[in-house]
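To start, the structure itself, in structure tokens.
The values are calculated or read from the model by the stated rules, or taken from the named source; none is laboratory data. Remember, predicted model here, so these are calculated numbers, not experimental data. Reconstructed Cβ throughout: ideal geometry from the backbone, glycine too, with neighbour counts over all protein chains shown.
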Amino acid sequence: MTMPLEKAESKSIRILFNSKKCIHSRGCVLSRPDVFVPNVKGEWLHPELATPQEIEEIAHLCPSGAIQYERLDGDSPERPPKVNVVRIRENGPLSFHGELEIKGYESTIRATLCRCGMSQNKPYCDSSHAAAGFKASGEANPVDSPTLATRNGKVQINPAPNGPLITSGPLEVVTGTGKTILKTTSAAFCRCGASANKPYCDGTHAKIGFKS
């Protein structure tokens, strides 16, 4: 599935913005309110007011992947990281960073996926966790796991119908405070919001009749 994009460009770089992925982390409007101008009518993206490097930095810090860019001056596009990670956000979603292939959607490098079960835009987060008062620690217990032979490369994410997010490929699970708690090549992450073993699936989705 391809999502619609808003586009704005300068001579050197084009900003691509996907409102369906945005979780309103607000890094863009807080760091460069002249480039990303909220709550205005008409044009709100102004890449001509920043250097290409500044636009790149903002995009790289966008956890949802809502902000992307294309270089128009021949410079390199964004590259996947050296280590694929999924970060557990406190009382919030799962933020993936890697060479991601989400089944049914376009490939991406950054994605923030729902784990509260409430999003109206599954598998993506739409910030419904905040309104629902979702509670889930970002500090899960560590699991003894060996260092991966390969830490980057493709990660396939399959949102199972009425079930968990099933991943395949090298991935490190990282807590909200930055501790790696699992290194794995396959995992099943809860997205019904009710697992007793968050962030992992424990089969509760079937008991509660979760619908994706």
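Can you tell me which residue in the stretch 180-209 is farthest from residue 128 (Cα to Cα), limited to those that are among the basic types (Lys, Arg) and in contact (Cβ under 8 Å) with a residue 40 or more places away in the chain? Can you show your working first?
Start the filter on the stretch 180-209 by keeping residues that are among the basic types (Lys, Arg), which leaves 183, 191, 198, 207.
Retained after the next criterion (residues that are in contact (Cβ under 8 Å) with a residue 40 or more places away in the chain): 191, 198.
Values: 191: 13, 198: 18 Å.
So the residue we want is 198.
State yes or no: is residue 12 in contact with a helix residue (DSSP H, G or I) (Cβ under 6 Å, 6 or more places away or on another chain) and not hydrophobic (A, V, I, L, M, F, W, C)? Talk me through it step by step, then tell me what you get.
Values: in contact with a helix residue (DSSP H, G or I) (Cβ under 6 Å, 6 or more places away or on another chain): yes; not hydrophobic (A, V, I, L, M, F, W, C): yes.
Spelling it out, residue 12 is indeed in contact with a helix residue (DSSP H, G or I) (Cβ under 6 Å, 6 or more places away or on another chain) and not hydrophobic (A, V, I, L, M, F, W, C).
Being at pLDDT below 95 and either assigned by TED's automatic domain parsing to the domain that holds residue 132 or within 30 Å of residue 200 (Cα to Cα) (or both) holds for only one residue in 21, 82, and it is 21. The residue list 126, 144 contains one member that is charged (D, E, K, R), outside the structural domain of residue 56 (by TED's automatic domain parsing), buried (at least 17 other Cβ atoms within 10 Å of the Cβ) and part of a loop (DSSP other than H, G, I, E, B), which is 126.
Just give me the residues in the stretch 67-113 being hydrophobic (A, V, I, L, M, F, W, C), under 28 Å from residue 147 (Cβ atoms) and touching a residue at least 60 places away in the same chain (Cβ under 8 Å), in sequence order.
Step one: of the stretch 67-113, the residues hydrophobic (A, V, I, L, M, F, W, C) are 67, 72, 83, 85-86, 88, 94, 96, 100, 102, 109, 111, 113.
Now restrict to residues that are under 28 Å from residue 147 (Cβ atoms): 83, 85-86, 88, 94, 96, 100, 102, 109, 111, 113.
Matches in the stretch 67-113: 83, 85, 86, 88, 94, 96, 111, 113.
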